[in-house]
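All of the numbers you see were taken from the coordinates with simple rules; none came from a lab. Because the structure is a prediction, the values reported are computed rather than measured. All Cβ positions, glycine included, derive from the backbone under ideal geometry; neighbour counts span all protein chains shown.
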Amino acid sequence: MTWGKNRVQVRDLESRDIEDVYQVLSTNGWAHRVPDVEYLRRIVEASQRSCVAIEGGKVVGFARAITDGLSNGYLSMVVVAEPHRRQGVGKALVKRIVDSDPQITWVLRAGWDGAREFFTALGFSASSDTMERLRR
């Protein structure tokens, strides 16, 4: 998918993108969760879906998900570089991950300002049925 005056392209992640994705993550609030490129590589390898947003040959966004591909999926990361936010990049990343399988129930955790509105506009709804066991 390509759109916008600046021609942003959303495509599946390729191995050559890992270092650029790491830079986007580490400079946009995810450094505490992704300590280095090798850790990111391992996370991506364990994920069933991952994609990037590219503008002018540069990674400006990233999303990944874990899914069984049949019934359930967990949207784990949606990150867009600050200068590219509110331009449809995050929306395109989420759609790339979740829209191809309408039979899958997708869940996510999102506590940032505006998350409820952002994900509601993409068809998600708040749930009172979820539980979580936090990492130690």
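Residue-wise, which Karplus ³J(HN,Hα) couplings in Hz belong to the stretch 113-126, taking 6.51 cos²θ - 1.76 cosθ + 1.60, θ = phi - 60°, and x for glycine or proline?
Each residue's phi maps through the Karplus curve to give 4, x, 4, 4, 5, 4, 6, 4, 5, 9, x, 7, 9, 5 Hz.
For the stretch 54-136, calculate the relative contact order in percent as a whole number, restricting contacts to Cα pairs under 8 Å that are 6 or more residues apart.
26
Using a 10 angstrom cutoff on alpha carbons, build the Gaussian network for the chain and name the most mobile of Gly114, Gly56, Gly29.
So, out of Gly114, Gly56, Gly29, the one fluctuating most is Gly114.
With a cut-off of at most 14 other beta carbons within 10 Å, and DSSP calling the residue loop, which chymotrypsin sites (Phe, Trp or Tyr not before Pro) in the stretch 36-136 qualify? Please list them.
Within the stretch 36-136, the qualifying chymotrypsin sites (Phe, Trp or Tyr not before Pro) (loop, at most 14 other Cβ atoms within 10 Å) are Trp112.
Could you pull out which residues in the stretch 111-136 have an amide N less than 13 Å from a spot 7 Å beyond the Cα of Ala46, following the Cα-Cβ vector?
In the stretch 111-136, the label zone of Ala46 (backbone N under 13 Å from the point 7 Å along Cα→Cβ) covers 135-136.
If N is the number of residues in the stretch 2-120, what value comes out of its Cα radius of gyration divided by 2.2 N^0.38 Å? Numbers along the way, then the final one.
Values: Rg = 13.5 Å, N = 119, 2.2 N^0.38 = 13.5 Å.
Ratio of Rg to 2.2 N^0.38 Å for the stretch 2-120: 1.00.
Quick one: grab the alpha carbon gyration tensor of the stretch 40-79, order the square roots of its eigenvalues as a ≥ b ≥ c, and give me rounded if a/c is under 1.5, else prolate or oblate depending on whether a/b is larger than b/c.
Verdict is prolate for the stretch 40-79.
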